[in-house]
Amino acid sequence: MPPLTPNPPPFVPTGRFTDKRRKQFIADHDKGFLTTAELDVLTDLMAKQNKAFAWEDSERGSLCTDFFPPVVIPTIPHIPWTKRNRPIPPGLEAEVCQIIHSKIKAGIYEPSNSAYRS
């Protein structure tokens, strides 16, 4: 991690951390808790570590499986129960499908052969 500088240089847009996102971040967090100098140090750190922040689903990543192996939930042999799917109101079906497709594209939802759903 790069060291923090108490007097950071002027902001330069870096990768994901654009000027628009910086302005929005400051507007959301400039509530009097942090001084202007502290916000400058924070935005400098965010610019240097811009890949650590996801501003939208397409920028999300995943943890390296070398350090964080996938979770395996132990189960015992059994017959899974079945429940009826909840119906999607016809007026919302297109919007719900669009949300689901965007989550699949971003890697949030993964294919599964599980008998259960969440």
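What you get for the chain, charging only the Cβ of Lys and Arg (+1) and of Asp and Glu (-1), is a dipole of about 420 debye around the Cα centre. Dipole magnitude for region 1-58: about 140 debye, using +1 per Lys or Arg Cβ and -1 per Asp or Glu Cβ, origin at the Cα centre.
The chymotrypsin sites (Phe, Trp or Tyr not before Pro) of region 23-84 meeting both criteria, a DSSP state outside H, G, I, E and B (loop) and at most 10 other C-beta atoms within 10 angstrom of the site's C-beta, are PHE33, PHE67, TRP81. By a 1.4 Å probe calculation restricted to protein chains, ILE100 has an accessible surface near 70 Å², given to the nearest 10.
Here ILE108 sits with roughly 50 square angstrom of accessible surface, probe radius 1.4 Å. The largest accessible area among ARG21, ARG60, ARG86 belongs to the first residue in ARG86, ARG60, ARG21, and the rest follow in falling order (1.4 Å probe, all chains). Only one residue of MET1, ALA37, ILE79 has its Cα farthest out toward the positive end of the dipole of the chain, where Lys and Arg carry +1 and Asp and Glu -1 on Cβ, and that residue is ILE79.
Please give the per residue accessible area of the chain, computed with a probe of 1.4 Å over protein heavy atoms only, in Å².
Counting only protein heavy atoms, the per-residue value for the chain is 89 Å².
Across VAL96, VAL12, VAL71, the residue with the most accessible area heads the list, and the full order at a 1.4 Å probe is VAL71, VAL12, VAL96.
Take the alpha carbon gyration tensor of region 1-59, find the square roots of its eigenvalues, order them as a ≥ b ≥ c, and report rounded if a/c is under 1.5; if not, report prolate when a/b exceeds b/c, else oblate. In terms of gyration-tensor shape, oblate. Accessible surface of the chain, 1.4 Å probe: 60 percent of it comes from carbon and sulfur atoms.
To the nearest 500 deg cm²/dmol, what mean residue ellipticity at 222 nm is calculated for the chain from DSSP H runs of n ≥ 4 alone, each contributing -39,500 (n - 2.57), summed and divided by the residues?
-10000 deg cm²/dmol
For THR18, THR82, the ranking by accessible surface with the largest value first comes to THR82, THR18, using a 1.4 Å probe. Contact order for the chain, expressed relative to its length and based on alpha carbon pairs under 8 Å spaced 6+ residues apart, stands at 26 percent.
Overall, the anisotropy analysis places region 30-80 in the prolate class: the square-rooted eigenvalues a ≥ b ≥ c of its C-alpha gyration tensor yield a/c not less than 1.5, with a/b exceeding b/c. For region 64-118, the gyration tensor built on C-alpha atoms gives an oblate shape. Its axis ratio a/c (a ≥ b ≥ c) is at least 1.5, and a/b is not larger than b/c.
The values are calculated or read from the model by the stated rules, or taken from the named source; none is laboratory data. Everything numeric here is computed off the predicted structure, so don't read it as measured data. Here Cβ is always computed from backbone atoms with ideal geometry, including for glycine, and neighbour counts include all displayed protein chains. Just so you know, the surface numbers come from the protein's heavy atoms only, side chains and all, with ligands and any DNA or RNA stripped out. Shrake-Rupley method; radii C 1.70, N 1.55, O 1.52, S 1.80 Å.
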